[in-house]
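Here, each number is a calculation from the coordinates, and none is a lab measurement. Only a predicted model underlies this, so the values are computations on that prediction, with no experimental measurement involved. Here the Cβ positions follow ideal geometry from the backbone for every residue, glycine too, while neighbour counts run over all protein chains shown.
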Amino acid sequence: MPALPHYRRRRGEFLSRLDEPVLLFAGGDRPRNFPANHYPYRADSNFLFFFGKLERDAAALFDPGDGSVTLFLPRRTTDAAVWLGSVPSFDEMQEAAGVDRVLDVEHLEEHVAKLRQDRRLLSVAVMDPVATRIARQVTGLELRPDHIGPPELVDVLADLRLHKNEAELAEMREAADATGAAFTAAMAATGSGVTELSLAADAEWAMARRGATPAFSTVLSVRGEILHNQSHGGALQSGDLVLMDGGAEVPSGYAADVTRTWPASGRFSAAQRSVYDIVLRAVRVATEMVRPGVRYRDIHFRAAAVIAEGLAELGLMKGDPARAVERGAHAAFFPHGVGHLLGLDVHDLESFGDRVLYGPGRDRSSDFGTKYLRIDLDLEAGMVVTIEPGLYFVPAILRGEDFRKKFGDIVDFDRAERFLEANAGRGFGGVRIEDDVIVTDDDPEVLTAGIPSAAEDVEAAVGRRTRREVGVRA
Ligand code: GLY
Ligand code: MN
Ligand code: MN
């Protein structure tokens, strides 16, 4: 966890840019299937940004009038101690959190009323739905479920959270390391007959050994062409490609987000290897572009161009690859954006919307594929982005009438059909390679460079555990 001076500095930066009091809410438990059965608690990311891990139902009032920060915490009661365990007293919390005062959250409504009486405007910034509901109850403000805060406040928060400082980058390095351990474990445990569920468990076990938890539901499937495939219902067969998209979250809340694709057998087939190497080239070319001043959308289209060139080499596309990208035909194989911001949220700042993620004067495209480009900012030092091109054989696209009509002169759909029928009819699947990259004033720093991505390195990592378990030296 970053030390207290980091959080105090961040709060000071925030206060210095406020004109009016601001309330932040940690949020509370989210019901899973009935109110008393919860998902694991995680605070709203804006709250985590200024306080790190704090108890549920906390709130914080930033007052630029006197430069103070007040924490509002749940009252310490015997009942709470019985069910949730003892927690430090308010005095202890004041010192530990480095705030000006700690008050009972039951009194927050009175404070809000007083600010209103004094005609001091009050803004509320929240991102998660539970925090929004609590904020609505306490403040009486009409906050819609998708409330994030007034634009001026969102801009300040976004600017602070966009530019990671060294303490935050250290957290992200730790998240990347735990994620590396997860991939090593899953690759090592890979073998014919192994279930997707047990491989995902191996990955998450490795995160736990590093004190981390999954930042999002791990994608681990031989059906990698389903982009956010949540199912772990299958078992590996020798001709399959395994795609895992997973990332660890460290206790401070910072995340990693990585994808690797590997052969279940430990050896890529010739066709798999040729597709794999196209994606590898795309991720390398795109990563090299991650520098200050570069427009993120240009990185996306450069990756698309590398993929289109590769598809032309494989005979899956005809004509000039640059023209194919202009027409949007690459999206038949690469139907998503090249990545997103990363930080406390896996798609960092995504709740702030395109006003923040695209910036002034830039609108989201409505074209298939490009409409999923999650950011279109000019990069600046301190930002962290993912770079995650992919190449997929999706039946719904490649057998879709619309695509066949629109791109019949560019895509060789008959040849694509052979990929859909590959692997004894199980289908080719998809390949994605995703890394986490810091924009620096110098060369890009790839946080996840230690996780194998060159085809030979991936092959060498697959099935290691199996060999060790049968007594063969890896
Ligand atoms: N794990 C979700 C993504 O890569 O965007
Ligand atoms: Mn991602
Ligand atoms: Mn991912």
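Over all directions, the average projected area of the alpha-carbon convex hull for the chain comes to how many nm²?
24.9 nm²
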TODO: State the answer as a single residue: which of ALA167, ALA332, LEU73 lies farthest towards the positive end of the charge dipole of the chain, with beta carbon charges of +1 for Lys and Arg and -1 for Asp and Glu, about the Cα centre.
DONE: ALA332
Task: Pairs beyond 32 Å (Cα-Cα), from LYS164/LYS318; LYS164/LYS406; LYS371/LYS405 - done: LYS164/LYS318; LYS164/LYS406
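Tell me, Kirkwood radius of segment 310-428 from alpha-carbon pair distances, in Å?
16.0 Å
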Open item on the list: For the chain, take the longest principal axis of its alpha carbons; what is the angle in degrees between that and the long axis of helix 196-209, to the nearest 10 within 0 to 90?
Closed with: 40 degrees
TODO: Mark the label point 7 Å from the Cα of ARG30 along Cα→Cβ and return the residues of segment 130-158 whose backbone N is within less than 18 Å of it.
DONE: 130-136, 144-149
Task: Residues listed by number, segment 38-59, amide nitrogen under 13 Å from ALA96 label point at 7 Å toward C-beta - done: 52-56
- [ ] Quick one: pull the percentage of alpha-carbon pairs in segment 66-113 with a separation above 13 Å.
- [x] 60 percent
Task: Charge dipole magnitude, Cβ of K and R +1, D and E -1 - the chain, Cα centre, debye nearest 20 - done: 1120 debye
Task: Scattering curve values for segment 1-80, log₁₀ I(q)/I(0), Debye with Cα scatterers, q = 0.11, 0.15, 0.24 Å⁻¹ - done: -0.35, -0.61, -1.16
Open item on the list: Between helix 296-313 and the chain, what is the angle of the helix's C-alpha long axis to the longest principal axis, kept within 0 to 90° and rounded to the nearest 10?
Closed with: 20 degrees
Task: Relative contact order (%) - the chain, alpha-carbon pairs under 8 angstrom, separation at least six - done: 15 percent
TODO: Would you calculate, for the chain, the mean residue ellipticity at 222 nm contributed by helices, counting each DSSP H stretch of 4 or more residues as -39,500 (n - 2.57) and dividing by all residues, to the nearest 500?
DONE: -11500 deg cm²/dmol
Open item on the list: Largest first, please: the extent of the C-alpha atoms of segment 381-427 along each principal axis, to the nearest Å.
Closed with: 45, 29, 15
Open item on the list: Test of understanding: express the Cα radius of gyration of segment 210-338 as a ratio to 2.2 N^0.38 Å, with N the residue count.
Closed with: 1.19
TODO: Just the number, please: percent antiparallel of the DSSP beta bridges in segment 41-147, rounded to the nearest 5.
DONE: 55 percent
TODO: Can you list which of the GluC sites (Glu not before Pro) found in segment 64-156 are DSSP loop residues with at most 13 other C-beta atoms within 10 Å?
DONE: GLU142
TODO: Output ³J(HN,Hα) for segment 113-119: one whole-Hz value per residue in order, computed from phi by the Karplus curve 6.51 cos²θ - 1.76 cosθ + 1.60 with θ = phi - 60°, and x for Gly and Pro.
DONE: 4, 5, 4, 5, 4, 6, 6
TODO: Out of all DSSP beta bridges with both ends in the chain, state the antiparallel percent to the nearest 5.
DONE: 85 percent
